1. Rank these for me by crowding, Thr72, Thr28, Thr38, going from fewest to most other beta carbons within 10 Å.
2. Under a 10 Å cutoff between Cα atoms, tell me which one of Ala115, Ala160, Ala43 has the largest fluctuation in the Gaussian network model of the chain.
3. According to a simple spin-label model (label point 7 Å from Cα along Cα-to-Cβ), what is the distance in nm between Asp16 and Glu174?
4. Over 19 Å apart: what share of the alpha carbon pairs of the range 1-60 falls there, rounded to a whole percent?
5. Scan the range 49-137 for trypsin sites (Lys or Arg not before Pro) in coil per DSSP, keeping those whose Cβ has at most 10 other Cβ atoms within 10 Å, and list them by number.
6. Here are some values of mean projected area of the Cα convex hull in nm²: (1) 13.4; (2) 12.5; (3) 22.9. Which one was computed from this structure?
7. Could you work out [θ]222 nm for the chain from helices alone, using -39500 (n - 2.57) per DSSP H run of at least four and dividing by all its residues? Round to the nearest 500 deg cm²/dmol.
8. Out of Ser139, Ser93, Ser80, any idea which swings most in a Gaussian network model of the chain, alpha carbons joined below 10 Å?
Amino acid sequence: MKYNCLIVDDEKMLADSTAEYFNLFGVTTVAVYGAEQTHKFFANNTAELILLDISLGDGSGFELCKWLRQNTDVPILFISARGSDDDKIVALSIGGDDYIQKPYSLGVLLAKVKAVLKRYGKVNVTEYSDGYLTVNFESKQVSAGGNAVKLTALEFKLLAYLIERRGKVVSKQELFQNVWEDKFTGDGTLNVHIRRLREAIEVDPTSPKYIVTVWGDGYKFIGGDGK
């Protein structure tokens, strides 16, 4: 069965009430309470988005995220009562798309989830290729230097958005509005995703040639021909 949202949280009462609330507003949602149940869920079901707690009774949400990233590219939003910057950095660096602090407002979380579900749309061009970097927008496949590159759904959309506006400065606010499509995303989340993209496609991520920072304005994608 296909669901809009899967909640993975060992706080059973909170997970169930959140799932019930989402279902009332048309976001088909189911809750499971640990890593083992998540594995069983994906044996027969799919989800378009995952809300994942860091602390699970039968394991770590970080380790589960690594397993999920080997099996799916759907958005993963971490939810946790732990609020350290280190946790947030780890969550984003291993493939999470955002980090949401508990306790959360169900209304705000629902708006966030709906925004993420709307996030992924088609791009107008079929492929970008310059001999080193190839991005196919229909198959969502990326290669750099002849090697396949695995990106999350959000990373791919961010890259596609920048390529579509090749040579133009794209402000952070524009990226928040048109890639994330919500107002809850901050600079830290964007910076981490830009860094991960650079690590995936650049010859030298510390001296990027494709995704360059325009200080005070935003970012710009420069093609292999320098334009």
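1. Working: Thr72 17, Thr28 14, Thr38 23.
By the 10 Å Cβ count, ascending, the order reads Thr28, Thr72, Thr38.
2. Fluctuation is largest for Ala43.
3. 4.8 nm
4. Values: 378 of 1770 pairs.
Distances greater than 19 Å cover 21 percent of the Cα pairs.
5. Numbers: sites: Lys66, Arg69, Arg82, Lys88, Lys112, Lys114, Lys118, Arg119, Lys122; in loops: Arg82, Lys118, Arg119, Lys122.
Sites meeting the loop and neighbour criteria: Lys118, Lys122.
6. Of the listed options (1) 13.4; (2) 12.5; (3) 22.9, (2) comes from this structure.
7. Working: 8 runs with 86 residues, N = 227.
-11500 deg cm²/dmol, from helical runs alone.
8. In this elastic network of the chain, the residue with the biggest mean-square fluctuation among Ser139, Ser93, Ser80 is Ser139.
FYI, it's all coordinate maths here, none of it is from the lab. All of these numbers come straight from a predicted model, not from anything done at the bench. Don't worry about glycine lacking a Cβ; one is built from the backbone with ideal geometry, like all the others, and counts go over all protein chains shown.
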